[in-house]
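Comments concern the structure below.
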Amino acid sequence: MRKPVVAIVGRPNVGKSTIFNRLVGERISIVEDIPGVTRDRIYAQAEWLAHQFDLIDTGGIEIGDEPLLNQMRQQAEVAIDEADVIIFMINGREGVTAADEEVAKMLFKSSKPIVLAVNKMDNPEMRNEVYEYYSLGFGEPFPISGSHGLGLGDMLDEVVGHFPVFETRDDDEETIYFSLIGRPNVGKSSLVNALLNEERVIVSDIEGTTRDAIDTRLIRDGQEYVITDTAGMRKRGKVYETTEKYSVMRALKAIDRSDVVLVLLDAETGIREQDKKIAGYAHEAGRAVIIVVNKWDAVERDEKTMKEFEEKVRAHFQYLDYAPIVFLSAKTKKRLHTLLPAIRTASENHAKRIQTSVLNDVIMDALAVNPTPTVKGKRLKVFYAAQVAIKPPSFAVFVNDPELMHFSYQRFLENRIREAFSFTGTPIKIFARKRQ
Ligand code: GDP
Ligand code: GDP
């Protein structure tokens, strides 16, 4: 489940984002069109040979108006904290500058494996020039050219060679992996601590996870859960932790590793733009989602308050209409006990399989209630449907012509499926396919 993380560190203009984009390829542009969600291009999934990993361009984390050297120090810190392997990139045409040396010193002190990439070596003759960089002390320098795509294979071979071995998820079917996301101060760490201290919960750290990527295992009512990426919630008090891009990156990383994502909101401060952005990522990734309204103790309430807040949440997060809303307080622990059961239900629904015959009974009923539309004189014909995937449940509807399946009819079918089966907490996907 946990994928290795690779971070690229280096001065501005050495070519970090060029390499990042190359390694990430088209994957990054596969983004659903949700208003308010723009992909911050500093964190993405990448692949080399059979290895999948997460890639961070630390250059994208801008920390206020700090001077260049401080920015670079903090970016190197992010890399040291977050990555399993660090690509230290320099510009081979400019040689080693004072800023490079400064970063090199920091990286050298960390225990993380470092791969030295010498960029802008666009011609083969330049390759010999890289030997002088042995003196930096990071072993073999790899000459690369981001703009020409040269040398990347050798460099990546070296990178994946340093990947740690993670415990595999052999207990896939039984264990529920979940994470908490939300902007700083909504109460993520408080809620994790509250959960771990719950009376009926048994906790153990997972062996083999490293200092900076802690997953925590807990058992309640015989069900095993793993909270992923709890390290992201530990208070370390670093400057960069309050920057928006960093918290988005953290959220993406956590989402990557879980089946169920808790989107935390702060009842005291209300809903902010950043909440919507973060929630959008969970939805896009096709994970089960629970909206948790924390700090409910801090709100002055009467009998209407919860209903009003719920309406606000629904209005702001329309695409998450399937997500249940849990109101609780990490501080007083009020209603805390409802959270794990909600996670369990969402997880079961996320992995649910519907029998084809039962599914088709529902589809045929739906067709009877609301006949298929006619577009330009041509009527949509639905032959049958089948579930083709879980996590999230995905359904193929076989039709005469997929072009005739309009969004509204698709939405109608989705609603019928949701009414017939319990899919609370999970998105479901429906797509039209031409019957061969
Ligand atoms: P970053 O600030 O480190 O992310 O650097 P960028 O990726 O934005 O690149 C800075 C500049 O260097 C851009 O103008 C790139 O086109 C250029 N560049 C990147 N890689 C190469 C390369 O391999 N060769 C040459 N000649 N230019 C490159
Ligand atoms: P994180 O940055 O999302 O991990 O947030 P923290 O868990 O550090 O909490 C931020 C602040 O909110 C701290 O001062 C907490 O004591 C406070 N807090 C967290 N949960 C609650 C809650 O349920 N009620 C109240 N009143 N305060 C809370």
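The values are calculated or read from the model by the stated rules, or taken from the named source; none is laboratory data. Remember, it's a predicted structure, so these values are computed and weren't measured experimentally. As a convention, Cβ positions derive from the backbone with ideal geometry for all residues, glycine included, and neighbour counts pool all protein chains shown. Protein only, heavy atoms only, side chains kept; ligands, DNA and RNA dropped before computing areas. Shrake-Rupley method; radii C 1.70, N 1.55, O 1.52, S 1.80 Å.
So if each residue of separation counts as 0.36 nm, and I subtract the Cα-Cα distance between Q52 and T424, what length gain in nm does that give? Could the numbers behind the result be given before it?
Details: separation 372, 0.36 × 372 = 133.92 nm, distance 3.08 nm.
Full extension of this stretch gives 130.8 nm more.
For the chain, what is the accessible area per residue in Å², given a 1.4 Å probe and the full set of protein chains? Intermediate values should be presented prior to the final figure.
Numbers: 20220 Å² over 436 residues.
I get 46 Å² per residue for the chain.
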Under the Karplus relation with 6.51, -1.76 and 1.60 and θ = phi - 60°, whole-Hz ³J(HN,Hα) for the range 332-342, x at Gly and Pro, equal 8, 6, 4, 6, 4, 5, 7, 6, 4, x, 5
Taking Cα atoms only, helix 407-420 is inclined relative to the longest principal axis of the chain by an angle, in degrees rounded to 10, of 70 degrees
The set of residues whose placed amide H lies less than 5 Å from the amide H of I87, leaving out same-chain residues fewer than 5 positions away, is A7, I8, V9, V115
Residues meeting the amide H criterion for F163 (H placed from the backbone, H to H distance under 5 Å, 5 or more places apart or on another chain) are none
In nm², the average projected area of the convex hull spanned by the Cα atoms of the range 44-140 is 7.3 nm²
Helix 152-161: inclination vs the chain longest Cα principal axis, degrees, rounded to 10, gives 80 degrees
As straight-line cross-link partners of K333, the qualifying lysines (C-alpha separation under 20 Å, not fewer than 8 residues apart within one chain) are K188, K295
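Using a 1.4 Å probe on the protein heavy atoms, what percent of the accessible area of the chain belongs to carbon and sulfur? Each step should come with its number before you reach the end.
Working: 9740 of 20220 Å².
On the chain, the fraction of accessible area on carbon and sulfur atoms equals 48 percent.
Once you have the Cα-Cα distance between K105 and R301, take 0.36 nm times their residue separation minus that, and quote the gain in nm to one decimal.
Values: separation 196, 0.36 × 196 = 70.56 nm, distance 5.45 nm.
Gain on stretching K105 to R301: 65.1 nm.
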In whole Hz, the Karplus estimates of ³J(HN,Hα) for the range 256-267 (6.51, -1.76, 1.60; θ = phi - 60°; x where Gly or Pro) are 3, 9, 10, 8, 10, 10, 9, 8, 8, 10, 9, 5
Rounded to the nearest 10 Å², the accessible area of H148 using a 1.4 Å probe with every protein chain kept is 110 Å²
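Of all GluC sites (Glu not before Pro) in the range 225-333, which ones are in loop regions per DSSP and have a Cβ with at most 15 other Cβ atoms within 10 Å? Spell out each step's value before the answer.
Working: sites: E241, E244, E268, E273, E284, E300, E303, E308, E310, E311; in loops: E268, E300, E303.
Of the GluC sites (Glu not before Pro), the ones in loops of the range 225-333 whose Cβ has at most 15 other Cβ atoms within 10 Å are E268, E300, E303.
What is the range 176-350 by shape, rounded, prolate or oblate, if you read a ≥ b ≥ c off the alpha carbon gyration tensor as root eigenvalues and call it rounded for a/c under 1.5, prolate for a/b larger than b/c, and oblate otherwise?
Working: a/c = 1.40, a/b = 1.21, b/c = 1.16.
Rounded.
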Out of R257, R411, R220, a Gaussian network model of the chain with alpha-carbon springs under 10 Å gives the largest mean-square fluctuation to R411
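State the antiparallel share, in %, of DSSP beta bridges confined to the range 5-161, rounding to the nearest 5. Spell out each step's value before the answer.
Working: 7 of 24 bridges.
Bridges in the range 5-161 that DSSP calls antiparallel: roughly 30 percent.
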With x for Gly and Pro, the residue-by-residue ³J(HN,Hα) of the range 116-126, computed from phi through the Karplus equation 6.51 cos²θ - 1.76 cosθ + 1.60 at θ = phi - 60° and given in whole Hz, is 8, 10, 9, 8, 6, 8, 6, 10, x, 4, 6
Measuring from the longest principal axis of the C-alpha atoms of the chain, the long axis of helix 273-284 (C-alpha) lies at a number of degrees, nearest 10, equal to 80 degrees
Given backbone amide H placed at 1.01 Å from N, residues whose amide H is under 5 Å from that of Y384, ignoring those fewer than 5 places away on the same chain, are F398
With +1 at each Lys and Arg Cβ and -1 at each Asp and Glu Cβ, the charge dipole magnitude of the chain around its Cα centre, to the nearest 20 debye, comes out at 1440 debye
Surrounding charge for Y409, neighbours by C-beta under 13 angstrom, Lys/Arg +1, Asp/Glu -1, total +1
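Using a 1.4 angstrom probe on the protein heavy atoms only, line up R93, R335 by accessible area, largest first. Spell out each step's value before the answer.
Working: R93 135, R335 90 Å².
If we order R93, R335 from most to least accessible, we get R93, R335.
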Projected area averaged over all directions for the convex hull of the alpha carbon atoms of the chain, nm², comes out at 25.3 nm²
The extension gain from E244 to T356, computed as 0.36 nm times the residue separation minus the Cα-Cα distance, is 35.9 nm
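Among L68, L340, what's the order by accessible area (1.4 angstrom probe), most exposed first? Let's see the in-between values first.
On the way: L68 95, L340 0 Å².
Highest to lowest solvent-accessible surface, that is L68, L340.
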In the neighbourhood of D122 defined by beta carbon distances under 15 Å, the net charge of the other residues (Lys, Arg +1; Asp, Glu -1) is +1
